[in-house]
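Here is the structure we will look at, set down as structure tokens.
The values are calculated or read from the model by the stated rules, or taken from the named source; none is laboratory data. Bear in mind that the values here come from a model prediction, so they are computed numbers and not experimental data. Neighbour counts are summed over all protein chains in view; Cβ atoms, including those assigned to glycine, are modelled from backbone coordinates with ideal geometry.
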């Protein structure tokens, strides 16, 4: 108990003891920038609206099994004994709208409230990133239609930090401590630098339905003798990588609009001044259009700035695809004095929105890209007129850092793709303003140095105190990032999210996971 008091000098308030309780059920995941309300009994069909920086609720999250009040950030987990509760929750500095970004330190506090004396082996804080994919496939058999749901969850990394208790050693069992009933606080910190690590991970997203990328924090209390303990809900924080836009380069888009893909109606020429844009930047282009028939006139032009989400997953029959298109901004092009019904020359200008706009990217299962779709309505004929509508789309890419800012961020050009990096994000001592200098990983030269410090000299019998039980931070071996993938399949009948998933399009015989 002395060790506990020295590690956690926080005040405690005594409570009445009660009988030993069973393991509580963790509550459903919580987005850090969304305050929960009382659970809706029809929650499957009425998803809560989140702020622009928050992904939507995951289709893979567990169905909540216990109704509880979620009005407070410090959510209590019931132990079902005499009305008393044990509570394990996490609060982040900066309020509810915490966003994980490169070169940023995330700090927070783990709150633990115990209703009775409890034996604890260790208390841990975990941070992980995962990409999931789920599709519903019609696998009809001779006895009739049978829908199956196939799921894949890939964990990019998982990092944890021991806030209290003994370290888990491969050669020894772990002792436990007795904690009095009361309130405990454990601060933690994680550096999200260009050392986050020196790699860019994809941004958070949860579209199309069944696909998503999440960055999740959880707290866990391990019980005595390898028994289960207490686990908090999942706290989902948005992640925004640093993606630099390309240099300004003028380019021209050309196409021919046709009626029913047979009769050409007009020639289109669009002059754009950039290929890549950042949110809140002004977009401008010169649009020229000329009809190819004397009786063909331009009646109206509308445009949409669209965001495309695509998801794919390999299944036994081939590759399953899902697609979702979101209209971020829409407008129309009025005809001015420079244009006629047969010849158009107009400037299209607007500001790239900040809401719902994240960088263009691709991963193993998802792709996000943007375009500007134009809908042109023509009137053809003299006495008897007919209306025709044609469409064309101009591609754009989205970044979140202008190209002129490239050299202002240290070591940005050394950033690796996350699949090529072995480094894993690490927690550090919350009492420090900055984490220690970057430590080695087993594949680097510091590995042999650390091994030498941990081993006694050869040809000498050292005293028992020679081997270091723990190393200073600058000599610790840094944990390597290891991906792991879990595959699951189950019948769609009875699954609560079947309606949301819908049917996927399967391209049979296609098993190329790397290309889009």
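When residue 340 is tested against (1) out of contact with any helix residue (DSSP H, G or I) (no Cβ under 8 Å at 6 or more places or on another chain); (2) exposed (fewer than 15 other Cβ atoms within 10 Å of the Cβ); (3) within 30 Å of residue 514 (Cα to Cα), exactly one condition is not met: (3). What do you reckon, is residue 213 closer than 30 Å to residue 394 by Cα and either in a strand (DSSP E or B) or at pLDDT below 90 (or both)? The answer is yes for residue 213.
Every condition in (1) in a loop (DSSP other than H, G, I, E, B); (2) loosely packed, with under 13 Cβ neighbours inside 10 Å; (3) at pLDDT 75 or above is met by residue 465 except one, and the failing one is (3).
Given the criteria in a loop (DSSP other than H, G, I, E, B) and either surrounded by 20 or more Cβ atoms within 10 Å (Cβ to Cβ) or touching a strand residue (DSSP E or B) at 6+ places or on another chain (Cβ under 9 Å) (or both), does residue 246 qualify?
In short, yes.
Output the residue which, of all residues in the range 262-295 that are assigned to a strand (DSSP E or B) and under 28 Å from the mean Cα position of the chain (by Cα), is surrounded by the fewest Cβ atoms within 10 Å (Cβ to Cβ).
In this case the residue turns out to be 282.
Condition test on residue 226, is it surrounded by fewer than 16 Cβ atoms within 10 Å (Cβ to Cβ) and assigned by TED's automatic domain parsing to the domain that holds residue 149? When the stated conditions are applied, residue 226 passes them. Cβ-Cβ contacts under 6 Å between residues 6 or more apart (or on different chains), taken from a first residue in the range 392-414 that is at positive phi to a second residue that is surrounded by 17 or more Cβ atoms within 10 Å (Cβ to Cβ), are listed as 411/194. Of everything listed in (1) surrounded by fewer than 19 Cβ atoms within 10 Å (Cβ to Cβ); (2) more than 23 Å from residue 322 (Cα to Cα); (3) modelled with pLDDT of 90 or more, the single unmet condition for residue 188 is (1). When the range 361-387 is filtered for residues that are in a loop (DSSP other than H, G, I, E, B) and crowded, with 19+ Cβ neighbours inside 10 Å, the ones remaining, listed by number, are 363, 365. Within this structure, residue 235 fails the test of being in contact (Cβ under 8 Å) with a residue 40 or more places away in the chain, under 30 Å from residue 411 (Cβ atoms) and not assigned by TED's automatic domain parsing to the domain that holds residue 166.
Residues of the range 483-501 that are surrounded by 13 or more Cβ atoms within 10 Å (Cβ to Cβ) and either modelled with pLDDT under 85 or outside any strand (DSSP E or B) (or both): 483, 492, 495, 497, 498, 500, 501. Checking 160, 167, 131, 116 one by one, the residue that is under 27 Å from residue 237 (Cβ atoms) and not in a strand (DSSP E or B) is 167 and no other. Taking the range 296-313 as the range and being surrounded by fewer than 19 Cβ atoms within 10 Å (Cβ to Cβ) and either modelled with pLDDT under 90 or not assigned by TED's automatic domain parsing to the domain that holds residue 350 (or both) as the test, the residues that pass are 297, 299, 300.
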